[in-house]
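Asker: Got a structure for you, questions after.
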Amino acid sequence: GENVEQHPSTLSVQEGDSAVIKCTYSDSASNYFPWYKQELGKRPQLIIDIRSNVGEKKDQRIAVTLNKTAKHFSLHITETQPEDSAVYFCAASIRGGADGLTFGKGTHLIIQP
Amino acid sequence: NAGVTQTPKFQVLKTGQSMTLQCAQDMNHNSMYWYRQDPGMGLRLIYYSASEGTTDKGEVPNGYNVSRLNKREFSLRLESAAPSQTSVYFCASSPTGHNEKLFFGSGTQLSVL
């Protein structure tokens, strides 16, 4: 089955700086890659997703890039703000596949004032 | 518009006891999912239901059963709880199916003693 590795497990950045979280996946058939944000004690919420026919997608201060050849994808957050502090999860799946989303283990992003 | 509603929010069981986690969504989604979240493990799929009347096993189905009661409701049952089932359980639904754009409930924190 699919295996998703996520790095780093903890990331501390100064407010206003950029943050990058990286994930690799093992199954070349995977074609859907979402990112979820989970604040402490809250539910995961989808913040951005990308399909394998697209190399990059942006939504205001967040962007995701995908390298299918290398089987890795990354989340980029620019101009970080205190409300960006949370745990971020990447995931991968085969659209329409029977196995569901495979999640990475999460990155705890800390925004230092 | 409540989204995805889970009950209970907290539960403590003794080993061997049974219980049912309830989940309901009011967004007219076809697909519903049950995930468990353990520290440092990300989210893992227990069972899912692609549409009313169908259910399928996910990555970690052992010790659980599910029922898709109707389009709105998807319940998770632990027949004989074990300490290894201590976890936070999230129900989710998807407007598109195919594991995409999941909307999560607020979670159930379950402890099995």
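Read-outs throughout are calculated quantities, based only on the coordinates presented, and are distinct from any laboratory measurement. Fair warning: this is a prediction, and the values are worked out from it, not measured in the lab.
Asker: Which entries of B:57/B:101; A:22/A:57; A:68/B:57; A:22/A:68 show an alpha-carbon separation above 22 angstrom in the structure shown?
Answerer: From B:57/B:101; A:22/A:57; A:68/B:57; A:22/A:68, over 22 Å: A:68/B:57.
Asker: Counting pairwise Cα distances across chain B, what percent come out greater than 21 angstrom?
Answerer: Working: 1779 of 6328 pairs.
Result: 28 percent of Cα pairs exceed 21 Å.
Asker: Let me ask you something else. When only C-alpha pairs under 8 Å and at least 6 residues apart count, what is the relative contact order of chain B, in percent? Display every interim value, and only then the final one.
Answerer: Numbers: 300 pairs, mean separation 40.5, N = 113.
Value for chain B: 36 percent.
Asker: The protein assembly as shown: Rg/Rh from Cα coordinates, Kirkwood Rh?
Answerer: Over the Cα atoms of the protein assembly as shown, Rg/Rh equals 0.97.
Asker: On to the next question. Only bridges whose two residues both fall in chain A count here: according to DSSP, what percent of them are antiparallel, nearest 5? Don't skip to the answer; put the middle values down first.
Answerer: Working: 36 of 41 bridges.
Counting only bridges with both partners in chain A, antiparallel ones make up about 90 percent.
Asker: In Å³ and rounded to a whole number, note down the convex hull volume per residue for the Cα atoms of segment A:6-66.
Answerer: 112 Å³
Asker: To continue, here is another question. Compute the distance from the alpha-carbon center of segment B:15-30 to that of segment A:56-72, in whole Å.
Answerer: Here the answer is 34 Å between Cα centres.
Asker: Next question, about the same structure. Take every Cα pair under 8 Å in segment A:1-96 that's 6+ residues apart, average their separations, divide by the length, and report that relative contact order as a whole percent.
Answerer: It rounds to 36 percent for segment A:1-96.
Asker: Dimensions of chain A along principal axes (Cα, Å, largest first)?
Answerer: 42, 28, 20
Asker: Check cross-link reach from residue A:42 to the aspartates and glutamates: straight Cα distance under 18 Å, and skip same-chain residues fewer than eight apart.
Answerer: Reachable aspartates and glutamates: A:83, A:84, B:38.
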